[in-house]
Structures are given as structure tokens and as C-alpha cells.
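Everything below concerns the one structure shown next.
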Amino acid sequence: MNFNHGSLKNSSATAGREKALPRLFCMGGFSLFALVCALIMFVFASPAIAAVEGRVKVKIAKVKPGTKLLFESEKMTYYKNRDTVVATGNVHLYYGPYALRADRIDWMRRTDKVVAKGNVVFRDANGNLVNAPYAVLVDKFREGFLRSVSVVFTNNAKLAGVSAERYDGNITILNKAVYSPCKTCQEHPEKAPLWQIKAVKVTHDEAKKTIYYKDAKFEFFGTPIAYLPYFSHPDPTVKRKTGLISPGLSFARHYGAGLTVPLFINLAPNYDLTLSPTFTTRQGLLGQFEWRHRTRTGAYFIRPTGIYEFNWYGPDTGRKRLRGSLESAGRFAFNKTWSWGWNLWAVSDDTFLNSYGLESDSDLVSDVFLTGLSGRNYFNAQAFYFRGLLATDRKSTTPVVHPVIDYNLVFSESVFGGEMGFDANVMSLSRTKGADSNRLSADLHWKRTFTSAAGVQTTPFWSLRGDVYNTRNVAGSPNATDNFVRVMPSIGVEYSWPFISLLDWGAQTFTPVAQIIASPGEVKAGRISNEDSQTIEFDDINLFSRNKFDGLDRVEGGVRASLGFKYRIEHASGGYAAFTFGEAFHLAGRNSFGADTGLQSARSDFVGGLQFYPFKGFSLGSRIRLDKNTFAIKRHELDIEGRYGRLWGKALYTRLKAQPAQGMPLDREEVDTNFSFNLNDNWKVLAGARYDIENNDIIEESFGINYDDECFNATLSVENRFTRDRDIRRDFKVSLSVVLKTVGGSSVSTTANRAVR
């Protein structure tokens, strides 16, 4: 007989082959840091507790009727008088989802009893492995007894006991047992693992996928630190189960000390509820829950938060008020083409979310959308509501968009040998105070590329753009309603001539590009409420764009041209560099661009962009704008990301000259950096900072150290945040998070008000 049993052999080999990696936790003695982490975990964490006594009746693993018991061994003997089969020498036995391996197996057919001896490995229906020197199994593996048993779960967590009994095909009870997902230290295998749970009795319920403990002691490096008479947690195969999530402890200037005790309720495979009450010493109870629901067509969540503040002590003692927020998001598909959804925010006041550490953004955006995508054709309808959270935000002038609709169509058949497309847009917005605007835009465009024998690419193109506007309260005409039509045709041509050089090590391409476009001068700009084209960022990305305005309310007019080149070099290894540089010219007609844009003169500023990827693990990107006369830097962005050995780093440098006409009255220059360094396979150091070079001031900074292995994760971090807005102050925060993998985790943090110089 010959059966495919490679999976069993591989699994059993895995149980004993784990090669421990060098780690600091292998050192002799006791780690004070680890003890602190563990104490936090077991003082503040409170996993689900349950008592298990005696045998538990559960549904057994399914085995098809008529399934045969199959053997494979080096030698097999049948004793007729005892009706017993004795197999010796690398014996493998299979029955449905179960498998058994041993040096010797005796199968007593009359009593349906299997006795396995020597290097016994039993694989249950879930793929977990049970190791023992001796095992007795009856009733087709449903019941049995094992001596000196060791269970290896599918994630390599281990459960070992002096003896074990198996009942009903799914219940395994171990006596004087130890559970730990940690690997043993290879240099000192006699030492206890990082953490483990010892118990008088441990019951593994395979059907409920839960491990129950009686008289459980939690040990760190072999030292007991906590005791629970009864304790339970999901086995390593479980992803979702009702129970308490590890609590968190925090301290903040606004609410004092806070203890969060989350409760996860697994109502069904496709929806659940998480209750996260936070008990604060200064403000009372902060309530928060999250409802998540996955349907056949999509998913959504609802997350409300609320508190009735008491201000039991501090400068606002006795002041009471109700504060809260609501967040929700969802996305659903009608079919492969159409989908819809929403993102929703509502908040009682501007500083609530930041005060309780729930959100750090300076503005909230709510929207409802309907999207269709088919090939190269696109439709999107979206309604927006904006909520600025800074003291400088003026609520009365913030627009409500209801709605904005975009439709883009590319004709499937060529027109005059080229590509024709049609774009349409509908936009409607209003304000409590300020301009209201309604717009209908349509753009029919065409292009075709011709390539000569010399390689010159000529691309003629044209477009016909039309806009219909209805505006009210536009600056300069308060309370006046205005209706008008704007038509902007344009025609142009773009030339490019790639020069390609193929070399042994790779290739390089140099491509000069020239473009000229003619349009009527922009008209009626003063009668339009400019909503989507207020900020102009002239760079290498839009150097050859046919309209350098980002939105539709403004349109580039007159006769203009762009000149530049593109250079790309590629190495056979996959590394490459790409560089673009050029300038734009306004030749005739009205110049639509204002001051500080770099495009307001007949000659624009110079713009350039570089993307550099020499090898895997390193990248550099840069964009720059230079004064057309002095070559002084007006804008420069540089981002670098790389990894070298154990070191990873990322830095973003930004330099912007003052642009009063664009709403930036002062120069800006800052750098944002993040680094991590792997001290070894388990320890990592983290650091980050954001620094205002122009004002010689730190915006934020952080430092942390992280330990991570197969069974334990801990992060100690220090953060310095300098945000100030009304009752939000600069804070210094220290936090510690601890996770015992497969069991639970906890976190503790402190925030102290930082004195402002």
C-alpha cells in the first residue's frame, strides 16, 4: 500500500525543528522591562473567564460513512485469534481527517481500540498536532488517553501535559499542563520561555475552539506573576470571538486618568459590536461603540462617541456639558460597474476629537458617492460637507457641495484616425454667507499621434469647452444673481523626438518636447466664484498640460507654448532615473494666471522633476521651481526613502517662498523624518521628527523602542506634540503597549501638559 502522507511528515517535523533566533530574551537572569510589561498586562487585562468541569458534549468532526481505516508501515502482522493488526516501523494510520504516526501501532479490531507507542504524532481534524510517547485511542479517535502529551497548534503554539484524555472526538483534557506560543532559547533550552501559563487542568475544546484553564498561573521567565482560578482564551485558529479586549490606561490634561475596557461581541460571522467605555477621573464616562456589518454587496461601520463632562477638578470645576461625535463609512456594489457609499462625520464641537485622542485631522469631510467604472469610461456623483476644526476656520463661508458629478467617456471607435473623448461636469454648492455657484461644463476633445520615419512624434489636438453658470453673491456683486455662458475652444500640437541609445548595461532616452496651444482669452472670470482653481502648483507634472488650472472654474486662455525635455536612463538590473525640465511661455492674448503662480509673466519660472530608483530599497524624488531670471529657488520638495541593512529611513524636505497672492504670506522650510533600526531580529528602535527650519522650531518629535517575536510584542514610545488651538495644548506623551500573542494585550500611556516657552 502506498499513500500520500507528506503533509503529516512535514507537520511532525515542524514540531521539533524550530531553530531559535538569537534574542536578548535568551540572556540569563530576569528582565525588569519584561516584568513591567507583564504586570501591566495582567493587572489591567481581563480575558474571558469560564469554568469547565468534567466532559463537555459537542459536535464531533465529520467523517463520511464508510470511511476506511488505512495503514502504511514497514512491517504488518495480523493475529487472527486476537483479531489484532500489529504494524511496526514508521507506521502511518489514516481515518478521514485524522492521521496517526508511531513506531508501533496495535489495532484491536473487536474493541476498535488503537494503541500507539514510540514517537506518537496525532493530527486532529483542524490540523493541530499532538505528540506523545504513548497513546490509547478508541471509538475511531473520539476518545482516548495519552501520556506525556504535547499539542502543537497550527501557528506553532504549544500545549504540553503530564497526561491527557480525549473525549467525544473534540475534547482534549491535559493534566498538569503548560501553554506557551514562545520558542525555547536554543542556546539555553533548559530555561523557561518568555511567558507561559501553567494550570492543574487544561481543556481544549476543538469545536468551540477555546482553551480553558483551571488554577492558572502566569509566568514570565519562569517567575509567577499572576493567578486566576479559571481562565480561557480562543485557540490559535480563532480570529473572532466574544470577550473582553485588553484594556488600556491613559493620562491626559483634559480628562485626567482614563481606563478603557473594550468588549467585543461576535454576533454573527458577518457583523459584530465593540463597546469601549472609558472611565475618566476628571470628566466621567466616555462612551464609544462600533458596529460593523458585512453584506453580500459591501460593508459599513457606525462609530458613535459621547460624554457628559463633569469637570470634577481643575480650572473648569463644576462646568458640565454634553460632547460627542459620530463617524460612519460604507461602500456597496450594485454590480461589477456600479458602486455607492458614504463617509460621514458629525461632531459637537471643534476640539472634542483631539481632546480625547480620537482624531488628529484639522478638518472633517463627509460625502455620499455613486461611482461607475467600465473600461476607460468613468462616472462619479458626489455630495460633500466640510467641517473645519481650527479656530481660524469660518463656518459660515464653508461650502456645502450638492452635488458634483463627473462623467468621462472615451469613444471605442477611432474618429478621423484618432482618439475622441467627452467630459462632462455638474457642480452645485452653497454657503450660509458668501457665494453660491451652479455650473454645467462639457468638453469634447480629440487627438492623434503621427510618427515619422525619423522617429518624430507629432500630436495635433483640439477641444471645445463650454460652461453654463448660475451664481449668486459673487464678490463685488452681493445679493445679485448672474447667469451666463462661457465657450472656450482650443487647438494645438505637440512635438516630441525621442533619441534612444542601447548599451550593454541598459538604455537611455533623451526626448525634447515642444507644445503650442491657441485659445481665446479667458472671459467673465470676475463673474465666476472660483471654487476649485484657487491654488496653482506649477511643476513638472503639469508643464505640458493643456490647462494648468487644476479645476474647471478657471481656464487657461491665449496663445501659449511649453518647451522642455525628458531624460530617462535604465539599467539592466531594473534601476532607473527620470528627469524632466522645462519652461512655459505666454505668447499672445490674456494671461489668466495671477501673481506668485510662476506663470504670471510672458516667461514662466523653470520647473524640473527627478525620480531616482538606483536599486531595490532606495528611492529619491525631487521637484523644483526656479526663478526665470535669477534661478533662485521658489519651491523645492525632496523625499528620500531607503533601507541599508538593519536601518530604514524616510525624509521629506519642503521649501516654499512666500506667496501672498496664494494665501501664504511667509516663507516655509521644514523637514519631516522617520527612522527605524533593527538592533537584532527582535529589537527595533524608532524615531521621528518634524522640524520648522524657517522658524527654528520643532513641530513634533517621537522616539520608541519595540520588541517583537512569535509570542510577545511590546512598544515603549515618547511623543512630543506641539499643537495649540483653544483648549488644546502642547503635550508630552509616554505610552507603553504590551501584547501577549494568542492571549491578549494591553497599553498604558501618560500625557502631561508641556510648558510653553
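What follows draws every value from the coordinates through simple rules; no lab data is involved. Here the structure is a predicted model, which is why all the values come from computation and not from measurement. In this analysis, Cβ positions are derived from the backbone assuming ideal geometry, glycine residues included, and neighbour counts consider all displayed protein chains.
Quick look at the values:
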item: Cα-based helix-to-principal-axis angle, 6-17 vs the chain, degrees rounded to 10; result: 90
item: Lysines with Cα under 16 Å of Lys628, excluding same-chain neighbours fewer than 8 positions away; result: Lys657
item: Positive dipole terminus of region 380-470, leading residue within Ala453, Gly388, His402 (C-beta point charges); result: Gly388
item: Region 665-680-region 163-217 distance, computed between alpha-carbon centres (Å); result: 46
item: Helix-derived mean residue ellipticity, 222 nm - over the chain, DSSP H n ≥ 4, -39500 (n - 2.57), to 500; result: -1000 deg cm²/dmol
item: Neighbour cut-off at most 11 other Cβ (10 Å), DSSP loop, chymotrypsin sites (Phe, Trp or Tyr not before Pro), region 563-633; result: Phe615, Phe631
item: Relative contact order [Cα under 8 Å, 6+ residues apart], region 435-583, whole percent; result: 19
item: The chain: relative contact order as a whole-number percent, Cα under 8 Å and 6+ apart; result: 7
item: Pairwise centroid distance, computed over Cα atoms, of region 106-152 with region 325-397, Å; result: 57
item: Stretch gain in nm, segment Val365-Tyr378, where the contour uses 0.36 nm per residue and the Cα spacing is subtracted; result: 2.4 nm
item: Under 14 Å, Cβ to Cβ, from Glu531 - net charge with Lys/Arg +1 and Asp/Glu -1; result: 0
item: Reachable aspartates and glutamates from Lys650, criterion Cα separation under 15 angstrom, eight or more residues apart if same chain; result: Glu637, Asp639, Glu641, Glu670, Asp672, Glu701
item: Those aspartates and glutamates that a straight Cα-Cα span of less than 13 Å connects to Lys176, excepting residues fewer than 8 apart in one chain; result: Glu165, Asp215
item: Of Lys117/Lys158; Lys201/Lys241; Lys64/Lys198, those spanning more than 30 Å from alpha-carbon to alpha-carbon; result: Lys64/Lys198
item: Rg(Cα) / (2.2 N^0.38 Å) computed for the chain, rounded to two decimals; result: 1.27
item: Cβ-derived FRET efficiency at R0 25 Å, Ala391 paired with Trp312, nearest 0.05; result: 0.40
item: Nearest 10 degrees, 0 to 90: helix 32-44 Cα axis against the chain principal axis; result: 90
